[in-house]
Every structure is written in structure tokens, then in C-alpha cells.
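Below: the structure, in C-alpha cells.
Coordinate-derived values only; no laboratory data. Just so you know, these numbers come straight off a predicted model, no measurement behind them. Note: ideal-geometry Cβ built from the backbone for every residue, glycine included; neighbour counts use all protein chains shown.
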Amino acid sequence: MFFFFVKTSNLPDNIDPLIVSCIFFAAGIIIASFLPHELLAPKWWFVAMVLFFVLAFHLRGLKYFFLFGGMVSLALWRYDLSFPLDSPSAVWKFNQTKVVISGRIVQEPEISQSDQKLVIAADELFEPHQQKLSGLVLASLTTIPEFSYGEKIKFECKLKTPAPIDNFAYDRYLAKDGIYSLCYQPTILKRESLVLSGLPAIEQQLLKLKSWCRRQLFATLSEPASGLAAGMILGDQWL
């Protein structure tokens, strides 16, 4: 909608409205990164965004000013969404605690020559007490046994809070995918087979074929060539 507002204005021919909007949005993200979370939390940034876009449409003489305000408000609102929800069932509330939880692998495992990473949607806590859970856990474990997308597992692990690594904001990198809890070398207590996971049979066979192709790549090529090939050919992404 905001692109329509800009395009209907009398912009110079050499100005691309999409580029202008992207620059304003990027400026908003930079501003948001320096603001305290308490200032970002109110959802009135969404209301401000709508108001600015409406004003940009009706007050053409100040269209750039209101477009800037609208895109910055959109950036602040979107940046606020990257923070974890404060819910009693949120799995991140048990960070720094040894727990026993169950959940389903909701992304294809990221497998390298040294380890594999699983994105697990937690659904139930068993220890230190029992309750329903919600949220994602990124688990790192050895390559054997190999896990598959769709499997449900129960495991024991001490959850950790993601932290920056050197100059890389690893915590913010994971936050974009809604991951606020890490688990290293969990103890697998129970594993539901892929056949019982509810996935269609054809999808199960395609996942097995993809896993076979990945193993062949890692057996043939060394790092980092194997990881690059897996990303280009199989679409693997790394967390």
C-alpha cells in the first residue's frame, strides 16, 4: 500500500520509490537497534505506521516526511516482533535450567561433517515439573544417529541463552527465526520413528533421498566445499 502512495506522488523520474522506501526502512532498523526494548514494546508503532501512510497520501507536499515516519514505524514494529513473547509456556523461560522436554523437528536437520543441528518445536515439559510448552529450541548433537524432519523426540538438556560470538550478533541472528534457546549434546530419551510422525509417504521418501545425497556429498568432498555444495544443490541453510 505504501508503495502505491509514493507512486501516485509526483516523484522525479530518477527516483525509484522502492529504493526510497527500502532506505527509510533500513534507517528505521538502525534506529531500533539502539533503542531500549521497553520503548519498542508498545504496539502503537503499528498505529503510527498506518497514520503516517494515510498522511503521506493526503499531504503530498510532505510525502517524504510522512513516508519516512511510516517506514521507520514499520521497522520499529517489525523489530519488536523479533523479541520473544512473555508467556508462561515459553520454552526460553527455562534457559539456564536442566530440563526434560519433548518436541517435533520442524526443519530439515542441518548436517555437517562434525555435527547436526535440529530446530525443535517444544510442546511439553516433563522436568523439573510438567506443563505445556511453546517455542523453538536449536539443538546441536553428533551426526550419529541421524534425525529427520517431522520426527518427535523427548530429550534431556540444559537450555542456554544465545549470546553474541566475537563481533557477530548470533543471538539476534537466531531471533529472526524465533529461536531463543540453545541445547548442546542433549540426551535422547525417546524417539518417534518417521513412519509414525504423520508425514505423507512420498515426503518421507523424498527426505530419505535428500539425506542420502547429503551423505554422498560429505563422503566425497571436504569442508567447506561439501557444505557449499549441500547449500547449492540441496538448499541447506546453516544456523
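Take each peptide in 145-151, 130-136, count the other Cβ atoms within 10 Å of every residue, and average; sorted highest first, the result is 145-151, 130-136.
Exceeding 18 Å between C-alpha atoms, which entries from my cross-link table qualify? They are LYS117/LYS152; LYS132/LYS152; LYS98/LYS176; LYS176/LYS208; LYS98/LYS132; LYS93/LYS152.
Exceeds cut-off: LYS98/LYS176; LYS176/LYS208; LYS93/LYS152.
Residue by residue, region 86-93 carries 3J(HN,Hα) couplings of 8, 10, x, 9, 5, 5, 5, 5 Hz when phi is fed to the Karplus relation 6.51 cos²θ - 1.76 cosθ + 1.60 (θ = phi - 60°); x denotes Gly or Pro.
Put simply, the amide H of GLN107, placed in the peptide plane, has neighbours under 5 Å in VAL119, GLY150, leaving out anything fewer than 5 places away on its chain. Placing dummy labels 7 Å off each Cα toward the beta-carbon, the span from SER134 to LYS176 is 2.5 nm.
In order along region 22-33, the phi-based Karplus estimate (6.51 cos²θ - 1.76 cosθ + 1.60, θ = phi - 60°) of 3J(HN,Hα) comes to 5, 5, 5, 5, 4, 4, x, 5, 5, 4, 4, 5 Hz; Gly and Pro are listed as x.
Length gained on full extension, ALA219 to ILE23, computed as 0.36 nm times the residue gap minus the Cα-Cα distance: 66.1 nm.
Given R0 = 22 Å, the distance between the Cβ atoms of LYS93 and LYS190 translates into a calculated FRET efficiency of 0.40. Between TYR180 and LEU136, the built amide H atoms are under 5 Å apart, and every one of these is 5 or more places off in sequence or on another chain. Sequence-ordered 3J(HN,Hα) estimates for region 179-187 from the Karplus curve with 6.51, -1.76 and 1.60 and θ = phi - 60° stand at 9, 10, 9, 10, 9, 10, 6, x, 8 Hz, glycine and proline given as x.
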